[in-house]
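Chemist: Quick one: the structure is below, and I'll ask about it shortly.
The values are calculated or read from the model by the stated rules, or taken from the named source; none is laboratory data. Keep in mind it's a predicted model, so treat the numbers as computed, not measured. Cβ coordinates were reconstructed from backbone atoms using ideal geometry, including for glycine residues, and neighbour counts include every protein chain displayed.
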Amino acid sequence: MSLKQIPKQVIILGLVSLFTDIASEMLYPVTPIFLTTVLGASMALVGIIEGIAEFIAGFLKGYYGKISDKLGKRSIFITIGYGLSALVKPLPGIFPFIPAVLVSRVGDRIGKGIRTAPRDALLASYANGNTGAIFGFHRGMDTLGAAIGPVSALVLLHFYPNNFKLIFLVAFVPSIIAVGFTTIVKDKITAIKRKQTQRYSTLWKSAPSEFKVVLVLITIFSLVNSSDVFLILKSQNVSHSGTMAIIGYIFYNLVYAVASYPLGKVADKFGKRNVYIAGLIIFSAVYWGFAVSPDLQLIWSFFVLYGLYAASTEGVAKAWVSDLIPDNVRGTAIGLLTMLSSFAMMLGSFITGVLWDQFGSSIPFMVSSIVSLIVAIVFLFVTNQNKLRPVN
């Protein structure tokens, strides 16, 4: 599939994610620095805030995935979710206190929880044997915004040094543009049938074994895939510069954006399982590098590799699940996957913060590296690529 063949609604959803992530990623690398250097928060508190935010988002991803299947509608949840996230973004700029940061992060994640599973199910409904390319394109647009956002933050910090409050206020602008695009998102009428909400236990019993394996192993991996704020803070510790840390994060997002669509097409051709396993191996190498390397140039190189990991796993996992589950329960299945992953990341973020405070930064990175490599090996031996067949 060439880019010219991407469906119009997928392009619109890509634009929504582009502008949303410009706003979100203006704030994402800045928020932990703002919390720790301006508001005096501890690393454990950073982990708690991220954990609470992910917990709420995770629960709602599962809930609204099921509700969208029941109602046979996706677009309304997309508009509501992006709208709520836009409204809470400027709060820390207006009220520069830790509770305001908590409310902003939690509110933003509530919005993400409402929209994520319905949006991903809608994306999958527009695929025609090319879920990898569809999700890869969307992740590429999303992550292009994630590269533009930190650049915008750096420009603002250059002209207005240490004025973090201004960044929270400016981020409101692209958020509103994104909400405007959601108003022209349309459901695919033939995509889903209205049905009674399916219990997770029923889904588990009826789902193919490959889905169960994917669900369990990705959840285990998510326990050691803590918030990216810890990568930013680690690079800040090495460079002694918040700006240099953000530059490394920008490199990561640029690679992620550029590689997502091509790797999605590779996953369609050579198997999503194979691409996902390769991504886990890259993740393991990157986290080991962060654990043992005190060199800033190597840290930036690891950020580049981290972009390849994300492009190999984020959209590919959802495309993989979409191939295994029929459309009328796809919101439920994707919601369950993202819900369990978020819960695991919540716990992982808290543990990472505590381990960092008690033993230094190297230990949590080493643990993540070892566990992710074990998960990759298990994936290799317990899944059979030949058994994977797209669901019509």
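Chemist: Among the residues of the range 163-187, count how many are part of a helix (DSSP H, G or I) and more than 15 Å from Leu18 (Cβ to Cβ). Reasoning before the result, please.
Modeler: Of all residues in the range 163-187, those part of a helix (DSSP H, G or I) come to 164-170, 172-182.
If we keep only those that are more than 15 Å from Leu18 (Cβ to Cβ) as well, we get 164-170, 172.
The qualifying residues number 8.
Chemist: Identify the residue in the range 156-179 that is among the aliphatic types (A, V, I, L, M) and more than 22 Å from Leu35 (Cβ to Cβ) and, among all such residues, is nearest to the chain's Cα centre (by Cα).
Modeler: Ala178
Chemist: Taking the range 30-84 only, how many residues are surrounded by fewer than 23 Cβ atoms within 10 Å (Cβ to Cβ) and part of a loop (DSSP other than H, G, I, E, B)?
Modeler: Selection size over the range 30-84: 6.
Chemist: Of everything in the range 208-249 that's at pLDDT 80 or above and more than 22 Å from Gly348 (Cα to Cα), which residue is surrounded by the fewest Cβ atoms within 10 Å (Cβ to Cβ)?
Modeler: If we take residues in the range 208-249 being at pLDDT 80 or above and more than 22 Å from Gly348 (Cα to Cα), then Ser209 is surrounded by the fewest Cβ atoms within 10 Å (Cβ to Cβ).
Chemist: Can you find even one residue in the range 13-29 that is out of contact with any Cys (no Cβ under 9 Å at 6 or more places or on another chain), of a type in the set (D, E, K, R) and modelled with pLDDT under 75?
Modeler: Within the range 13-29, the subset out of contact with any Cys (no Cβ under 9 Å at 6 or more places or on another chain) is 13-29.
From what is left, the residues that are of a type in the set (D, E, K, R) are 21, 25.
From what's left, modelled with pLDDT under 75: none.
There is no residue in the range 13-29 that is out of contact with any Cys (no Cβ under 9 Å at 6 or more places or on another chain), of a type in the set (D, E, K, R) and modelled with pLDDT under 75.
Chemist: Next question. With in a helix (DSSP H, G or I) and touching a Pro at 6+ places or on another chain (Cβ under 9 Å) as the only criterion, which of Gly129, Gly145 stands out? Spell out the reasoning first.
Modeler: Details: Gly129 fails: in a helix (DSSP H, G or I).
The match here is Gly145.
Chemist: Would you please name the residue that is nearest to Asn328 (Cα to Cα), looking only at residues in the range 102-123 that are of a type in the set (A, V, I, L, M) and crowded, with 24+ Cβ neighbours inside 10 Å?
Modeler: In the first step, residues of the range 102-123 are kept if they are of a type in the set (A, V, I, L, M); the result is 102-103, 106, 110, 114, 117, 121-123.
Adding the requirement that they be crowded, with 24+ Cβ neighbours inside 10 Å leaves 114, 117, 121-123.
Details: Ile114: 18, Ala117: 13, Ala121: 9, Leu122: 11, Leu123: 13 Å.
My answer is Ala121.
Chemist: So, Phe137, is that one at pLDDT 85 or above, aromatic (Phe, Trp, Tyr) and surrounded by 23 or more Cβ atoms within 10 Å (Cβ to Cβ) or not? Before you say what the answer is, go through the steps one by one.
Modeler: On the way: at pLDDT 85 or above: yes; aromatic (Phe, Trp, Tyr): yes; surrounded by 23 or more Cβ atoms within 10 Å (Cβ to Cβ): yes.
When the stated conditions are applied, Phe137 passes them.
A quick yes/no check of all residues on (1) of a type in the set (A, V, I, L, M, F, W, C); (2) buried (at least 18 other Cβ atoms within 10 Å of the Cβ); (3) in contact with an Asp or Glu (Cβ under 6 Å, 6 or more places away or on another chain); (4) free of Cβ contacts under 8 Å to residues at least 24 places away in the same chain:
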| site | (1), (2), (3), (4) |
| --- | --- |
| Val88 | yes, yes, yes, yes |
| Pro99 | no, no, no, yes |
| Asn128 | no, no, no, yes |
| Ala153 | yes, yes, no, no |
